[in-house]
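Okay, so here's the structure we're looking at.
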Amino acid sequence: PHVAAARYGKDNVRVCKVHRDPSTNTQTVTEMTVCCLLEGDISTSYTRADNSVVVATDSIKNTIYILAKQHPVTPPELFASTVASHFIERYAHIHAAHVRVVTHRWTRMNIDGKPHPHSFLRDGEEKRTVEAVARRDAGISVASSIQGLTVLKSTGSAFHGFVRDEFTTLPETWDRILSTDVDATWKWSTFANLKAVQASVPKFDKAWESARDITLKLFAEDDSASVQATMYKMCEQILAAVPDVDSVVYSLPNKHYFELDLSWHKGLKNTGKDAEVYVPQSSPNGLIKCEVSRS
Ligand SMILES: O=c1[nH]c(=O)c2nn[nH]c2[nH]1
């Protein structure tokens with residue numbers, strides 16, 4: 001037997017960085033959870049108990065804090081690339097570094113109609129996530145995501161015309177509740193090196209805002225024929241809005257809200273056009289995935 005693949009490192013490294021701007025007496029908070037896994041000439045640490053090739057995961061954790069102190073932590077695309085590049089540059093026997101940065105929401109409070117200088121709120125568990133992979137002599141691949149953005153629309157969603165056979169019980173509908181947790185990823189064209197990522201810094205926040213706005217606008221306005229049809233439109237519009245992105249990936253659970261027949265109670269009408277009271281389903285859920293590439 002031989003080691004077919006291996007990577008190791010530290011997961012769930014929680015980082016909070018406070019930026020203080022004395023000129024405006026305003027402070028900004030960035031909180032993230034980092035995972036950093038290394039690949040390279042490390043097989044002997046598995047096969048021969050050879051620890052001489054192991055950069056301890058504790059040292060990886062220390063490095064993440066030091067780099068957070070010495071370098072910008074925003075946009076997350078830059079920080080993830082900074083961390084990944086560090087390990088390739090510093091250790092000749094490490095050939096790839098996989099870094100995931102999950103950023104949490106700390107939205108500045110508006111107090112009496114004014115942005116507060118140093119107070120923030122967690123307005124949702126939605127995450128902005130980045131995965132950067134730096135490979136020796138092969139540049140840096142960066143994928144940006146929105147995850148856990150939970151949305152619901154109470155109409156404007158239909159699902160009919162699907163396969164009807166001896167396995168089918170689902171009634172067709174022209175008007176249903178649609179709810180999902182958005183998981184959207186846009187994959188950037190490979191960056192040659194960290195300098196190339198730094199040169200693209202102005203594009204990352206704009207791309208995230210575009211992807212988020214496109215997702216919410218289409219979710220709200222599309223007269224949805226299915227999750228599939230609506231998510232494809234989201235992919236198309238993100239590709240059109242962000243030229244440096246090669247492909248877009250969506251993974252959307254269909255979080256069902258079932259109609260409830262109450263007619264057994266004195267003929268109470270609560271289905272179809274009379275539906276008002278629904279039963280939210282925890283499980284099972286539909287799960288609809290797609291990747292749409294530019295060419
Ligand atoms: O939007 C939907 N797509 C599907 O594939 C599906 N299957 N059941 N309900 C569904 N809704």
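Using 0.36 nm per residue, how much length does the chain from ASP41 to ALA138 gain when fully extended, once their Cα-Cα distance is taken away? Show your work: numbers first, answer last.
Working: separation 97, 0.36 × 97 = 34.92 nm, distance 1.67 nm.
Between ASP41 and ALA138, full extension yields an extra 33.2 nm.
Please report the relative contact order for the stretch 109-251, taking Cα pairs under 8 Å with a sequence separation of at least 6, and give it as a percent rounded to a whole number. Present the calculation step by step, with values, prior to reporting the outcome.
On the way: 203 pairs, mean separation 34.7, N = 143.
RCO, the stretch 109-251: 24 percent.
Between TYR91 and ARG122, what's the calculated FRET efficiency when r is the beta-carbon distance and R0 is 41 Å? Round to 0.05.
Details: r = 37 Å, r/R0 = 0.89.
E between TYR91 and ARG122, to the nearest 0.05, is 0.65.
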Item to check | Gain upon complete extension [LYS289, GLN198; 0.36 nm per residue less C-alpha separation] | outcome: 29.6 nm
Checklist entry - What residue among ALA196, ALA207, ALA134 shows peak mean-square fluctuation when the chain is described by a Gaussian network model with Cα springs under 10 Å? => result ALA196
Checklist entry - Of the beta bridges DSSP finds with both residues in the stretch 147-295, what % are antiparallel, to the nearest 5? => result 95 percent
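Normalised by the residues of the stretch 202-295, what does the relative contact order come to in percent, with Cα pairs under 8 Å and at least six apart?
Numbers: 113 pairs, mean separation 27.7, N = 94.
With pairs under 8 Å counted, the relative contact order is 29 percent.
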Next on the checklist: If I model the stretch 1-127 as equal point scatterers sitting on the Cα atoms and use the Debye formula, what is log10 I(q)/I(0) at q = 0.09, 0.10, 0.12 Å⁻¹?
Outcome noted: -0.35, -0.42, -0.55
Next on the checklist: Per 0.36 nm of contour for each residue apart, how much would the distance between HIS2 and LYS269 grow if the chain were fully extended, relative to their Cα-Cα spacing?
Outcome noted: 89.6 nm
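Counting other Cβ atoms within 10 Å, which trypsin sites (Lys or Arg not before Pro) in the stretch 205-285 have at most 11 and lie in a DSSP loop?
Filter output for the stretch 205-285: LYS266.
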Checklist entry - GNM, the chain, Cα, under 10 Å: largest mean-square fluctuation among ALA138, ALA49, ALA96? => result ALA49
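Need one number for the stretch 120-178: average projected area of the convex hull over its C-alpha atoms, nm². Walk me through the numbers before you get to the answer.
Numbers: hull surface 36.1 nm².
For the stretch 120-178, the mean projected area of the Cα convex hull comes to 9.0 nm².
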Item to check | In order through the stretch 113-128: 3J(HN,Hα) via Karplus (6.51 cos²θ - 1.76 cosθ + 1.60), integer Hz, x for Gly, Pro | outcome: x, 10, x, 7, x, 8, 10, 9, 10, 8, 8, x, 8, 4, 10, 10
Item to check | Percent of C-alpha pairs per 5 Å bin, the chain, short to long | outcome: 1, 5, 10, 12, 13, 13, 12, 10, 8, 6, 5, 3, 1, 1, 0, 0
Next on the checklist: Compute the angle between helix 227-241 and the longest alpha-carbon principal axis of the chain, please, reported from 0 to 90 degrees and rounded to the nearest 10.
Outcome noted: 40 degrees
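For the stretch 142-198, which trypsin sites (Lys or Arg not before Pro) are both in a DSSP coil and crowded by at most 13 other Cβ atoms within 10 Å?
ARG164
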Item to check | Filtered chymotrypsin sites (Phe, Trp or Tyr not before Pro), the stretch 129-207: DSSP coil and at most 15 other beta carbons within 10 Å | outcome: PHE162, PHE167, TRP174
Checklist outcome for this item: Relative contact order in percent for the chain (Cα pairs under 8 Å, 6+ apart) equals 13 percent
Checklist outcome for this item: Taking placed amide H atoms and a strict 5 Å upper bound, the residues 5 or more places from SER226 or on another chain that come that close are ALA158
Checklist outcome for this item: ASP223 and LYS17 label points (each 7 Å along its Cα→Cβ direction) are spaced in nm at 4.8 nm
Item to check | Label-point gap, in nm, between ASP205 and TYR257 - each point 7 angstrom along Cα→Cβ | outcome: 3.5 nm
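Quick note: the coordinates plus some simple rules give every number you see, no bench work behind them. Here the structure is a predicted model, which means the values were calculated and not measured. Cβ atoms come from the backbone with ideal geometry, glycine included; neighbour counts cover every protein chain shown.
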